[in-house]
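**Student:** My questions will all concern the structure given below.
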Amino acid sequence: MPAVSKGDGMRGLAVFISDIRNCKSKEAEIKRINKELANIRSKFKGDKALDGYSKKKYVCKLLFIFLLGHDIDFGHMEAVNLLSSNKYTEKQIGYLFISVLVNSNSELIRLINNAIKNDLASRNPTFMCLALHCIANVGSREMGEAFAADIPRILVAGDSMDSVKQSAALCLLRLYKASPDLVPMGEWTARVVHLLNDQHMGVVTAAVSLITCLCKKNPDDFKTCISLAVSRLSRIVSSASTDLQDYTYYFVPAPWLSVKLLRLLQCYPPPEDAAVKGRLVECLETVLNKAQEPPKSKKVQHSNAKNAILFETISLIIHYDSEPNLLVRACNQLGQFLQHRETNLRYLALESMCTLASSEFSHEAVKTHIDTVINALKTERDVSVRQRAADLLYAMCDRSNAKQIVSEMLRYLETADYAIREEIVLKVAILAEKYAVDYSWYVDTILNLIRIAGDYVSEEVWYRVLQIVTNRDDVQGYAAKTVFEALQAPACHENMVKVGGYILGEFGNLIAGDPRSSPPVQFSLLHSKFHLCSVATRALLLSTYIKFINLFPETKATIQGVLRAGSQLRNADVELQQRAVEYLTLSSVASTDVLATVLEEMPPFPERESSILAKLKRKKGPGAGSALDDGRRDPSSNDINGGVEPTPSTVSTPSPSADLLGLRAAPPPVAPPAAAGAGNLLVDVFSDGPAAQPSLGPTPEEAFLSELEPPAPESPMALLADPAPAADPGAEDISPPIPEADELLNKFVCKNNGVLFENQLLQIGVKSEFRQNLGRMYLFYGNKTSVQFQNFSPTVIHPGELQTQLAVQTKRVAAQVDGGAQVQQVLNIECLRDFLTPPLLSVRFRYGGAPQALTLKLPVTVNKFFQPTEMTAQDFFQRWKQLSLPQQEAQKIFKANHPMDAEVTKAKLLGFGSALLDNVDPNPENFVGAGIIQTKALQVGCLLRLEPNAQAQMYRLTLRTSKETVSHHLCELLAQQF
Amino acid sequence: MIQAILVFNNHGKPRLVRFYQRFPEEIQQQIVRETFHLVLKRDDNICNFLEGGSLIGGSDYKLIYRHYATLYFVFCVDSSESELGILDLIQVFVETLDKCFENVCELDLIFHMDKVHYILQEVVMGGMVLETNMNEIVAQMEAQNRLEKSEGGLSAAPARAVSAVKNINLPEIPRNINIGDLNIKVPNLSQFV
């Protein structure tokens, strides 16, 4: 007997469907549908109350009409009415309609929620499942708000039926995905983990899906799932193909659950527990072994299921990236699949190998398959497979095989599918640049690229070749010669004309000696293309022409003739007209000297991230680039202990552009761009930032101190930083502090946060906190320009004997700071003993190729280590007397530099670090403070008294400490604040 | 997560459309059309995975499909799903349909749209895989069937009407979906309108 009773269909529905199917034309169909809609509408609106059966029938018709692509804007109310029916079939169709045709803005939501609430409370498992299905299928925020709190209870309730648990788990997962904030974490989470042990495999599968999603946000809460998942997996993998009965699919035990478990394990690093890990490795090996066994069935379903597990196993091995043995086995297995007759397997093998190529253990092993992959690129019938092959070639490319891979990709480009040409072009351009050993090869490759797929060569690509040719003088002559030859083709792509026009305009003189490419020949060659080009290209060529006048005076008359022609001077396009007029005038009025200055060879371009790479990243979405640009998986990307959160661009190793351009020594004079748009980069620093910035509120002492553990000597950041500035700059390298350094320092005597320095290029913000003799300072360097800073290296220097007085540990920061970006540097500071001079902060970087250096005084003064001390008047005076030796006292009488406001003064004294003691001084106008300077070696007790004289606008400040130097130093520091 | 499940015939007529991510109705129709054109131009016996169309998220999503006789079954999934696993799931779904309808054919999907939805609901819920055990799914459907019967009230007459319709309207009876082998395209099928 069929499980679906076909007999109980609805006659009216069947007739309607047949009518539709018999319609001879689209118009007839629409007519029939409109008739039916009108009929249903009138039935719904009619006086006669409809029975459940009719409602069900009409709702079904509406669903069918909707499937045909017609909007349904009524019937929701009737569907909602069906929800409250006691008949299962009516309720069911009601829920179906709601789920398929949900109207999230509808005020019906309230009614729907009511019905769901009733069904959830009904204790009828069938009804509960229907309600849970509906919540999951709609998944709206309103439903989340109404039910997110109830579902965990249903999920872990002891008396819930298996099917209800299963639905509840997925329902919760759906709500969590839609609005994670609505799902409350709680003690249920622990019980969910234990569902992994459930008898019912369906419940386990649903629970694994749920945990996989939840644990991404709260890995620690679900950590116990690792061992449970491993043991479950191990039981499945080692079971015979008949053990799991219903969950055996074509002789493969529980393939779906195995895949899910392997996915779950990929959310975590390898298990720490050796026993668990051993068991897991055993599982992985078993799966790899089984792949070599003869299949138990010839059916494709059998091999599919088996391989689904195998591929997920390989993904896990790649994720762990720690078992060389398994990695190599995985690579060999994928190698077998590369030649498998099943297209699906070849596709997946290429895809997995792409990730494998970025593991250092298996990169070499992957490379051995290069011929197979190239063959796939050439012979696969399926474009999706060819695309994966191209991805893999890109991923496995390194210096040893770049030439082969690039030439194969170029060859493929000639026949490649249009959809993926642009991507291939970008990849070829990047590989050619990244692995270029000689730049003539690079230039050839790019010109080939333009020749083969000119339409797909985006601006970024041809800009880039110009940048590189401009910056590398050893390739300029070759480039000029090559473009000249390329332009001789009768039909060449406009992008070629652009590149040719620019290069000849700059470096045409390098080939002008050859009579075959004499200046007039160069000009007429370019000009022969002029009329076929777009406005932008013609504008570029006009600039080339004026450069020619400078380079080759003998072409002046010809070119002036061209510029003077009516088609230029009166061109309808404003840009062209303006260029023609200006260039003509420039060439007539300016002397050769002036012309030579104006049209001097372009300065080298500033180093920056390859614009092509940026484009590829944009195309492929975030993440694609990281594996691509450094060829290795970045181990720190998942490192939650990494401290400073690196931005993607700073993590990457020096980008290919640095390789190419970094060699040039002569810094070009590049005018800094106008400071327009250089808004206050630090605005966000002092607001509630991301978690990476610690709160400056009162931190528990222990937590604060534990944070001050010295950083690992080789943090990932340090490994990735540009090696160039690694040489420790000796003191003699450091320029003296800038003139304002003292003034800037004074601003920070009584405060810990603020902008330390700012100019047109750079802004430095400070956030710091101090406890006892320890301190932590965050420096924020903001690049206010739109150009990347290179070799960015801020260093802290301790002049003189400061080294023995203050220990400052700095973390390295990334060597590149993108335009508009900000990097953070953390300093851990320990005061060993009292000190007088602050450490220096030397910031050096290259902006647009020009070195910049800046030395500031780091706002660390001895008063930062003040521990305020409260005491009574009696105590105070007793101690005051104890410190009565003349050298223990320092006194200063000085004029007020700021308005004398008692509140401001109080704030400053508190900021200075001492406690303010009330009711000590008989004169209420005076301020009295006390504190202890904490250093590692000793503690210095300090008492201070400040007596303002409002009439004279003067202050008298008296400091008494147990140490002479400290007294004087504090007195100096504090006196400057008022 | 599964974003959408689309079933359409060789001519692009939708037979089952289920979205688990909200799209306006108009876009839903466009997605069906776009997906149809993407899979139609592909030969049989090439790979069953391809990148999603622009409307449904492009390369972040994969279309995983199978072609059975007159019908394409297409699942649009994100990267969290195993490709081969989804392929198995499609098979499970179709085999279940076959069991429930006894030699399922395209007409069953048309005339029993509601039932097809209920079966799908037992397999996929809110874009997540609920159950992969065919026997369990069939058992659920049988339970539903009994409930329906017990609620009764519906005569058997429509059943005859349906089979009459099936026999009358079509110049040729469509082939049943062949689930044993993949990708068998039956040539010269009559067009369903």
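The values are calculated or read from the model by the stated rules, or taken from the named source; none is laboratory data. Predicted model only: the values in this text are computed from it and were never measured. Positions of Cβ are backbone-derived with ideal geometry, glycine not excepted, and every protein chain shown enters the neighbour counts. Quick note on the areas: whole protein, heavy atoms, side chains included, nothing else; ligands and nucleic acids left out. Shrake-Rupley method; radii C 1.70, N 1.55, O 1.52, S 1.80 Å.
**Student:** Scanning the range A:485-498 for residues that are among the small types (Gly, Ala, Ser) and assigned to a loop (DSSP other than H, G, I, E, B), which turns out surrounded by the fewest Cβ atoms within 10 Å (Cβ to Cβ)?
**Tutor:** So, considering only residues that are among the small types (Gly, Ala, Ser) and assigned to a loop (DSSP other than H, G, I, E, B), the one surrounded by the fewest Cβ atoms within 10 Å (Cβ to Cβ) is A:Ala491.
**Student:** While we're on this one: Step by step: first the residues of the range A:811-845, then only those that are more than 25 Å from the chain's Cα centre (by Cα) and open to solvent by 30 Å² or more (accessible area, probe 1.4 Å), then the one that is nearest to A:Ser793 (Cα to Cα). Which residue is that?
**Tutor:** Looking at residues that are more than 25 Å from the chain's Cα centre (by Cα) and open to solvent by 30 Å² or more (accessible area, probe 1.4 Å), I get A:Arg844.
**Student:** With respect to A:Leu265, is the statement that it is crowded, with 19+ Cβ neighbours inside 10 Å and touching a strand residue (DSSP E or B) at 6+ places or on another chain (Cβ under 8 Å) true?
**Tutor:** no
**Student:** Counting residues that are open to solvent by 10 Å² or more (accessible area, probe 1.4 Å) and at the interface with another protein chain (Cβ under 9 Å from one of its Cβ atoms), which helices (runs of 4 or more DSSP H) fully inside the range B:46-137 reach at least 2?
**Tutor:** On the way: elements: B:83-101, B:106-111, B:113-123.
By residue number, B:83-101, B:113-123.
**Student:** What's the total number of residues in the range A:68-119 that are under 45 Å from the mean Cα position of the chain (by Cα), charged (D, E, K, R) and in a helix (DSSP H, G or I)?
**Tutor:** Matching residues across the range A:68-119 total 3.
**Student:** Looking at A:Glu342, is it out of contact with any helix residue (DSSP H, G or I) (no Cβ under 6 Å at 6 or more places or on another chain), acidic (Asp, Glu) and either closer than 25 Å to B:Leu63 by Cα or free of Cβ contacts under 8 Å to residues at least 24 places away in the same chain (or both)?
**Tutor:** yes
**Student:** Sticking with this structure for a sec: Criterion first (of a type in the set (Lys, Arg) and not in a helix (DSSP H, G or I)) does A:Arg879 satisfy it?
**Tutor:** Details: of a type in the set (Lys, Arg): yes; not in a helix (DSSP H, G or I): no.
Taking the combined requirement at face value, the residue does not satisfy it.
**Student:** Can you find a residue in the range A:240-251 that is among the hydrophobic types (A, V, I, L, M, F, W, C), at pLDDT below 90 and either within 36 Å of the chain's Cα centre (by Cα) or on the phi > 0 side of the Ramachandran plot (or both)?
**Tutor:** yes
**Student:** OK, next. Can you name the residue in the range B:23-37 that is more than 7 Å from every other protein chain (Cβ to nearest Cβ) and open to solvent by 40 Å² or more (accessible area, probe 1.4 Å) and is also nearest to A:Val138 (Cα to Cα) among such residues?
**Tutor:** Looking at the filtered set, the residue picked out is B:Pro24.
**Student:** Another question about this same structure. Among the listed residues A:Gly765, A:Gly782, which satisfies the condition of being within 18 Å of A:Leu745 (Cβ to Cβ), at pLDDT 85 or above and surrounded by 22 or more Cβ atoms within 10 Å (Cβ to Cβ)?
**Tutor:** A:Gly765
**Student:** Which number in (1) surrounded by fewer than 15 Cβ atoms within 10 Å (Cβ to Cβ); (2) small (Gly, Ala, Ser); (3) in contact with a Leu (Cβ under 7 Å, 6 or more places away or on another chain) marks the one condition that A:Gly501 misses?
**Tutor:** Condition (1) is where A:Gly501 drops out.
**Student:** Now, a different point. With the structure loaded, tell me whether A:Asn344 is open to solvent by 10 Å² or more (accessible area, probe 1.4 Å) and farther than 27 Å from A:Ile612 by Cα or whether it fails that test.
**Tutor:** no
**Student:** How many residues, within the range A:114-138, are surrounded by fewer than 19 Cβ atoms within 10 Å (Cβ to Cβ) and away from every other protein chain (no Cβ under 14 Å)?
**Tutor:** Of the residues in that region, 6 qualify.
**Student:** From (1) away from chain B (no Cβ under 12 Å); (2) within 20 Å of B:Tyr20 (Cβ to Cβ); (3) open to solvent by 10 Å² or more (accessible area, probe 1.4 Å), pick out the condition that doesn't hold for A:Arg141.
**Tutor:** (1)
**Student:** Considering each residue of the range A:377-400, count those that are part of a helix (DSSP H, G or I), away from chain B (no Cβ under 14 Å) and crowded, with 23+ Cβ neighbours inside 10 Å, and give that number.
**Tutor:** Residues that pass the stated criteria total 5.
**Student:** Looking at this structure, is A:Glu964 touching a residue at least 60 places away in the same chain (Cβ under 8 Å) and within 30 Å of A:Val808 (Cβ to Cβ)?
**Tutor:** yes
**Student:** What are the residues in the range A:54-68 that are open to solvent by 10 Å² or more (accessible area, probe 1.4 Å) and either more than 7 Å from every other protein chain (Cβ to nearest Cβ) or modelled with pLDDT under 85 (or both), if any?
**Tutor:** A:Ser54, A:Lys55, A:Lys56, A:Lys57, A:Tyr58, A:Lys61, A:Phe66, A:Leu68
**Student:** For residues that are assigned to a helix (DSSP H, G or I), of a type outside the set (Lys, Arg) and surrounded by fewer than 23 Cβ atoms within 10 Å (Cβ to Cβ), tally how many sit in the range A:211-223.
**Tutor:** Qualifying residue count, the range A:211-223: 3.
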